[in-house]
Amino acid sequence: MKFLHTIEKLISKYQLFIVEDDSLRDVLLLRNITRIRIASYFIIVLTFIHVVVFFVSGKQNTNDVVGWWTIGIIINHSFLLLIYLFILLYLRRFKEITPSNRRKYNSAVIVAFLSLLFGTTSIALVDQLVTPAINPFIIGSVAVALVVSIPPLQALLALAINLFIFLVISPLIQDNETVVISNNVNAVTAVFLAFFIFYTLWMEFIKRRNQNLVVEIQQQELKKGNELLSIKAAELKASDAQKSKLFSIIAHDLRGPFNALIGSSELLLNEDLALTDEDLHLLKTNVLKTAQSSYFLLENLLSWAQLQQNKMTVNPIPINLTNLIKTTLTESKSIANAKKIQFQFDYKSDLNITGDLFMLQTVFRNLLMNAIKFSHPSGIITVELDKLGKDFISIRFIDNGLGMDESTVNSLFTDNVQKISGTGGETGIGLGLLLVNEFVDLHKGTIHVSSKIGKGTTFEILLPSESNLFAESIEMNPN
């Protein structure tokens, strides 16, 4: 372990065999560990056989060349045997690469690489005592290229150092000058072959790694796309369910007023009933109230449909808010009279704003109709118009009706369709408030709701008094 720690320090100090690319480093290390573990079994078996065969031969005699050759072979193969036994036992504990163990396992890979490269060269030099062949040098150079993957330039450096050692020591052992020249040429050829293998396998590894990265990115994008598609499908399903519920309730709410209109009309046309003037006035008032309610509902439904299709656009013009609110109160008077509800409009002066007339009219009418719906008979609905500083205009619709709890207030401007009845049995699903929220938002305004059960509700709208957003549109449409 101290030996590996020393190797680790050298690697860190001189940046030996370091791959800077973080995404590549761990993949490369895992690949090398896997290959070295497999190669270790073959190397251990081969070196063990060599040690046993040469030891059993009994030629360990220091008095002749063959004896020294035998001893050298036994020592070198024993060295490789022990090194790879240690490496195999060390790597057997490997499970995964972590920041804490990365350098240690990288050190084991480098020890395996260098020991095989220099060990086989040492065997080839010992062989020069009895044979001109350099097979161990060639086999070792090619083997490390096949087993361990490192950047080509780093591999070339290691191969060059190994070749230099062989070229320097070989003539000291081999007496035949012709053999030395031949071995040197073969050694250089082996180095070029090993480098070619290193380079080819490295480029193939990089290419495959890049392809895998592309596939991983595509898979991640596909996964995100599928998740987004699932979310959209769920939202669409929920939206369809809400719309189905919405249309079911609207169909019921429209059927009731039209039945009332038909019934009242039949009574008015029936000359046999001899209706009094009071009865006639009551029927006519009921027809007007029902027709107005139905008209307002249809207006809301059409506006909502346009919003769903993104066909609703803002057509800004200068608007006198004071007159617009007065007009809205007048139009809703007959419906309020049915419950004997009084209107009160408080304002200090006429206030003007730039906005869409239809949208603002729809906002005020819906808030007023909502207040009428939940006000008690003989109640009072107050509308307050005021300017807040230089930037905003406040419009408040205040009633003293049923009021709401906090959870109901929080769900007012959501798509959660709920049928709620008013104090006079009026029906509704909150479609008007959805339009209010959308139209106020299109005017860059905000809406605030405060309410207490049994005390009433206040809807406050804050609209920008000057809108640069609409200035260009007004210049283009001066009429």
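Of the residues making up the stretch 119-141, those that are surrounded by fewer than 18 Cβ atoms within 10 Å (Cβ to Cβ) and either part of a helix (DSSP H, G or I) or modelled with pLDDT of 95 or more (or both) are N135, I139.
Would you mind stating whether G58 is among the small types (G, A, S), at negative phi and without any contact (Cβ under 8 Å) to a residue 24 or more places away in the chain? No.
Here is a yes/no grid of residues against (1) touching a His at 6+ places or on another chain (Cβ under 6 Å); (2) of a type in the set (S, T, Y):
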position	(1), (2)
T47	yes, yes
T62	no, yes
V65	no, no
L81	no, no
I87	no, no
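Tell me yes or no: at least one residue of the stretch 354-371 is over 18 Å from T423 (Cα atoms), among the small types (G, A, S), modelled with pLDDT of 85 or more and assigned by TED's automatic domain parsing to the domain that holds I395. Yes, the stretch 354-371 contains a residue that is over 18 Å from T423 (Cα atoms), among the small types (G, A, S), modelled with pLDDT of 85 or more and assigned by TED's automatic domain parsing to the domain that holds I395. Taken over the stretch 162-200, residues that are in a helix (DSSP H, G or I) and of a type in the set (D, E, K, R) amount to 1. The single residue among P136, P99 that is within 28 Å of V188 (Cα to Cα) and assigned by TED's automatic domain parsing to the domain that holds I161 turns out to be P136. If you go through the stretch 103-131 and keep only what is farther than 21 Å from P152 by Cα and not small (G, A, S), you end up with K104, I123, L125, V126, D127, Q128, L129, V130, T131. Pairs meeting the criteria (first residue in the stretch 323-342 and closer than 24 Å to T354 by Cα and aliphatic (A, V, I, L, M), second residue in a helix (DSSP H, G or I) and modelled with pLDDT of 85 or more, beta carbons under 8 Å, at least 6 apart or on different chains) are L324/L357; L324/L360; L324/Q361; L324/F364; I325/F364; L329/L368.
Condition (residue is of a type in the set (S, T, Y), farther than 28 Å from M203 by Cβ and either part of a helix (DSSP H, G or I) or modelled with pLDDT of 85 or more (or both)) applied to the stretch 49-71: is it met by at least one residue? Checked the stretch 49-71: at least one residue is of a type in the set (S, T, Y), farther than 28 Å from M203 by Cβ and either part of a helix (DSSP H, G or I) or modelled with pLDDT of 85 or more (or both). Please verify whether V147 is closer than 20 Å to T189 by Cα, surrounded by fewer than 21 Cβ atoms within 10 Å (Cβ to Cβ) and touching a Leu at 6+ places or on another chain (Cβ under 7 Å), treating the condition exactly as stated. No, not satisfied.
Can you say whether I97 is buried (at least 16 other Cβ atoms within 10 Å of the Cβ), closer than 30 Å to I206 by Cβ and at pLDDT 80 or above, as far as the supplied structure shows? Taking the combined requirement at face value, the residue does not satisfy it.
There is at least one residue in the stretch 29-43 that is assigned by TED's automatic domain parsing to the domain that holds S149, farther than 20 Å from S141 by Cα, among the hydrophobic types (A, V, I, L, M, F, W, C) and surrounded by fewer than 16 Cβ atoms within 10 Å (Cβ to Cβ).
The values are calculated or read from the model by the stated rules, or taken from the named source; none is laboratory data. Owing to the predicted nature of the structure, the values given are computational and were not obtained by experimental measurement. Using ideal geometry, Cβ is built from the backbone for each residue, glycine included, and neighbour counts are taken over all protein chains shown.
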